[in-house]
1. I'd like to compare A:75-82, B:177-184: which one has the highest average count of other Cβ atoms within 10 Å, and what's the full order after that?
2. Suppose every K and R has +1 on its Cβ and every D and E has -1 on its Cβ; what is the size of the dipole of region B:59-152 about the Cα centre, in Debye to the nearest 20?
3. For the protein assembly as shown, what does -39500 (n - 2.57) per DSSP helix run (n ≥ 4), summed and divided by total residues, give at 222 nm, in deg cm²/dmol to the nearest 500?
4. Using a 1.4 Å probe over the heavy atoms of the protein chains, calculate the carbon and sulfur portion of the accessible area of region A:98-147 as a whole percent.
5. Could you calculate, for region A:106-169, the ratio of the Cα radius of gyration to the Kirkwood radius, expressed as Rg to Rh?
6. Enter the angle in degrees (range 0 to 90, nearest 10) between the Cα long axis of helix A:37-53 and the first principal axis of the Cα atoms of chain A, meaning the one along which they spread out most.
7. What order do you get for A:85-91, B:345-351 when each peptide is scored by the mean count of other beta carbon atoms within 10 Å, highest first?
8. Across the residues of A:70-80, average count of Cβ atoms on other protein chains within 10 Å?
Amino acid sequence: MKIAILLKQVPVKDATLKVNGDGLWIDEDNVTFEINESDHYGLEEALRLKEKHDGEVVVVTMGPERVKESIKQALAKGADRAIHINSSGYSNPDPIAHAKLLCAAIKDENFDLILSGLQSDDLGYGQTGVLVAEMLGMAHATLVMETDVQDGKIKVKRELEGGWFQSVELPLPAVLTIQSGLNQIRYATIKGIMAAKRKEIKEIAISDLGVSDADASGIQMHKIYLPVKTKQTVVLEGDTADIVSKLVDKLKNEAKVL
Amino acid sequence: MAKKDKTDVSFMKSLFAGVIDQETIFPYPKLPQDEQENLDMILQAWNEFAKDAVDSPQIDRDKKIPKEVLQGMAELGFFGLSIPEQYGGAGLSETAYCRVFEEVCNYDASLAVTLGAHASIGTNGLLLYGTEKQKQKYLPKLASGEWIAAFALTEPGAGSDAAGIQSKAVLNDKKTHFILNGGKMWISNGSISDLWTVFAKTDVIEDGVIKEKISAFLVEAKWPGCSAGKPEDKFGIRGSDTTALNFDNVQVPVENLLGPLGKGFKVAMETLNVGRLGLAAGNVGGCKLLTQMAADYAKNRKQFGQSIAEFEIIKDKIANMAADAYAAESMVYLTSALADRHTVDYSLESAISKVFASEALWRAANEAMQIAGGNGYSTEYPFGQIVRDARINLIFEGTNEILRAFTALAGMQGPGEYLKKIGKALRDPIKGFGLLTEFAVQKVRDVVTKDTLKNIAPELKEQAERFNDFADELQSNVEKVLMKYGKEIIHHEFIQQRIANMAIDLYGMAAVISRVDSKIKDSKSVEQEMPLVQLYCDAAWRRVRREARQIENNLDKQRRQACDLIYNSKQIPFDVFHE
């Protein structure tokens, strides 16, 4: 089985973020990056499927030079090779454009299965996987919690709301977007790290993908900003009767719970 | 880590002869980018694993490392760090191994000791002296962690005096096996290991005379007659397994002789050269971690209406800890790179790094506990365990006292030979320590004037000048004491200690100067570390000056008298209430 994992590199969860000069993105200096969490689970699921059914796992990534580090980490964990769309200098945030570029890079690979994380931890649109499925004419399922490949089909468990799950069967080839926590992510072994050096990383420039409208965007970034703290504590003062009447007033008129 | 013929190049041995062998330690070494990338990924994998799996206080309380932790480490490949790839290991350089070991220490010292006893001293004899057949038989099992290794030298009657071991291996009549009898003590991994590098006396015929000399053997723990005692209850590193070993007529096949017959002491010493360096790296990790922990504690602790980090008495401690950590790191990774060249004698540098780093760690542990005050003394906080775990480093793999004697005597051997050759005071070479340094002897003849560091960045002018002055001071003092005591110098430990202390801080200064000078020449800013460099170098040259002054002007006579007084009394011979 030939499996692709669409993998994105995002700032680490505890990174201290600053808005950059033009106010449209974060200042990436002094920020450490890591594999997007749900993509990481997707990678693990891909590796497990390969171990069960044989085949190949190919990491597909778009990003600047720094994403090589995440690619190498994925290769160290057991992926067989990688395709890196080098997007240095490209800043279009539109997931449709991203999906077009990814499709152009992988369409000739004829993957049986394409996995991606449910959504990225930075922009969080949650669309790229689904768009790739549509563009490549493949079946898809989102929020996947469990996979089971049998006889050219794949059964998946999807997470719905309120603790409900759904079982769906899809024909292959298919695209699945993976929910975090469906498996336990492995650690890279030292052997894997050594072996990763010898694995292929195919680098493609955006201009070589032949996507004429790669710069077209249905989304315009106007401003990003750090969330403003809205919670505040008010200490009521005075004698007890005073405090009680003030409190009741606030509960009635501000909190509107009485 | 193939064994190659070593040349006589040794930075420190040359320094004893007044020769500053600058090209051996300049520029400060760097890992090739490829290996640096591997190392970063290995460290990341280790950190991810250790954060999930290693609970140091639990290991300390249980006096045991959980099986799953060792198994997990084995599966990730941590038992084969320095074993070549062809035998299933990772083939890391000594430098990369040291850096990984540092990180293991930062999670748990017991775990680090267990790993070091296996991967460093347990395996290095085999790596350095094993035949291809021995390597193929044992290394893959050791690399995978299926087997654990241990190094068995120390005996109840032979600790620091390692050459005095009593275990004996006698070749049987058929010449198929050595029959091994005796026992070992304080063996790390004793009861959890499968392969032991055992040192025992053997009969060797030299010039038609039978002499007893030490040989090394690869002994499988499962062989009849091998047994391990029960784990020692220790003050620190409580989770590491330390036991006695016993050999009762163990039949060791002749093919398990490690290295040439009668050359076991050399196998042991070379193995320990590597082992000490690993320990020193672990201590560097501890120094850095403690400095950070102490600073974090001080920043959060408020007294007299402000954080105690603001008090200068605390700043004094933190600054010293940071400068020590910086110097220790500089020494260790300079030395590891010397080891990685495989053509340089780094025995002195390794011993010096171990002494300096272990003592820096001990000071740091002590100060960190002091900064944390009452909380530091409570078992609710980690400082107590760290103090207990840190203490062993001054004792094992050569006590710091033995390593000081070794540093002084092995360092003075070259100049001693030189003086002997030119017909001065010495009649006999100094016996028993290290290898002869023909290199230093050769070069010393060329030195007519004081040797100096050349082309050092102007930012380091003062430090370099101090180094030059006191390197000269070391050489003249070495010559002075050799002229005065001759071969009897081996009995003058007050002097040896002073010479060793001079050598330790001179190596520290050389390492720091090389590191910063190289960074400046790479056009990188050194603004941040300059205060650390200045603090360390200033303290270092003052210590060297004090030691040098005391070589002639000292109270050694009073020290001997004080000891005579105490040794000859059954009770302390003074009592203020009965005078």
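The values are calculated or read from the model by the stated rules, or taken from the named source; none is laboratory data. Just so it is clear, the structure is predicted and the values come from calculations on it, not from any experiment. Note that each Cβ is placed from the backbone with ideal geometry, even for glycine, and that neighbours are counted across all protein chains shown. All accessible areas refer to the heavy atoms of the entire protein, side chains included, with ligands and DNA or RNA removed. Shrake-Rupley method; radii C 1.70, N 1.55, O 1.52, S 1.80 Å.
1. A:75-82, B:177-184
2. Details: 9 positive and 11 negative charges, 73 e Å.
It works out to roughly 340 debye.
3. Values: 26 runs with 384 residues, N = 837.
Dividing the helical sum by the residues of the protein assembly as shown leaves -15000 deg cm²/dmol.
4. 43
5. Taking Rh as the inverse mean 1/r over Cα pairs, Rg/Rh reads 0.98.
6. Compared with the principal axis, the helix lies near 30 degrees.
7. Values: A:85-91: 15.3, B:345-351: 28.1.
My ranking of the peptides, most packed first, is B:345-351, A:85-91.
8. Counting other chains' Cβ atoms within 10 Å and averaging over A:70-80 gives 1.
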